[in-house]
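Notes follow the structure.
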Amino acid sequence: MPHPLPPAFGVPHRQPIFNVPGAVAAMTLVLVGVHAVRTLVLSDDADIEVLTYFAFIPARYGLPDTMFYLPGGWGPKVWSVVTYALLHANWMHLIVNLVWLLAFGTPVARRFGSVRFTVFCAVTAAAGAGAHYFTHPDALVPLIGASAAVSGAMAAAVRFAFAPGAALSGARSIFADHLPAGSLAQNFRDTRVLTFVGAWFALNLLFAFGISMPGADGAEIAWQAHVGGFVAGLLLFSLFDPVPRSRTA
């Protein structure tokens with residue numbers, strides 16, 4: 001009588017209900033915890049102080065009298081390019097970012113591993129802050145939200161998601177998140193990649209013209225930060241990718 005194949009040679013008999021990498025789960029808990037403390041524990045004055053010290057405020061770097069408006073010394077100039085991504089305007093803003101983080105961050109975290117993925121998110125968040133600063137060097141309005149890092153994860157995912165056997169290839173392999181990715185030039189010869197990237201930029205062009213989204217509450221969407229994170233994710237993907245590059249032309 002034949003015996004059933006072991007899980008390694010077929011589909012496992014039991015699939016976990018939640019299959020989220022540890023780095024993504026930890027990031028989700030941190031984002032939810034930070035927002036919960038801000039909204040449920042801190043007073044309004046205390047929350048404003050948190051924004052002052054941890055949100056990215058371009059004027060901190062440009063205006064000569066910045067210290068009058070933004071106390072804190074040099075420290076916030078260093079860490080706020082990343083810590084702003086931990087803060088959100090409201091629960092809907094947070095939930096939207098978490099949905100996209102789970103969708104795109106999950107395959108990237110599986111591929112990169114926890115440490116690489118965490119550093120990658122920090123780098124793409126900083127790239128988003130840099131792009132926002134380039135267009136708003138004197139702004140006193142704080143930049144908050146994980147959108148730039150999420151955009152970076154989207155860009156990283158698209159670098160390998162359409163490879164043969166990958167998640168969006170049409171013939172998903174059990175190793176879908178660990179198959180070799182092509183070079184950037186090879187990616188941009190794939191019409192599916194071009195379509196995804198084109199649609200992503202078109203959406204952000206709508207934001208540039210004032211179209212809002214859930215959770216924005218009428219606030220201006222920092223689409224430049226999205227673009228900065230996305231472009232950084234595309235260009236820096238290979239520096240973080242532990243999977244050997246595909247050699248196909």
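Odds and ends about this structure:
- Residue-level accessible surface for residue 92, protein heavy atoms, 1.4 Å, Å²: 90
- The heavy atoms of residue 53 offer some 70 square angstrom of accessible surface to a 1.4 angstrom probe.
The values are calculated or read from the model by the stated rules, or taken from the named source; none is laboratory data. Since the structure is predicted, the reported quantities are computational estimates derived from the model, not experimental observations. In case anyone asks, the SASA skips ligands and DNA or RNA and just uses the protein heavy atoms, side chains included. Shrake-Rupley method; radii C 1.70, N 1.55, O 1.52, S 1.80 Å.
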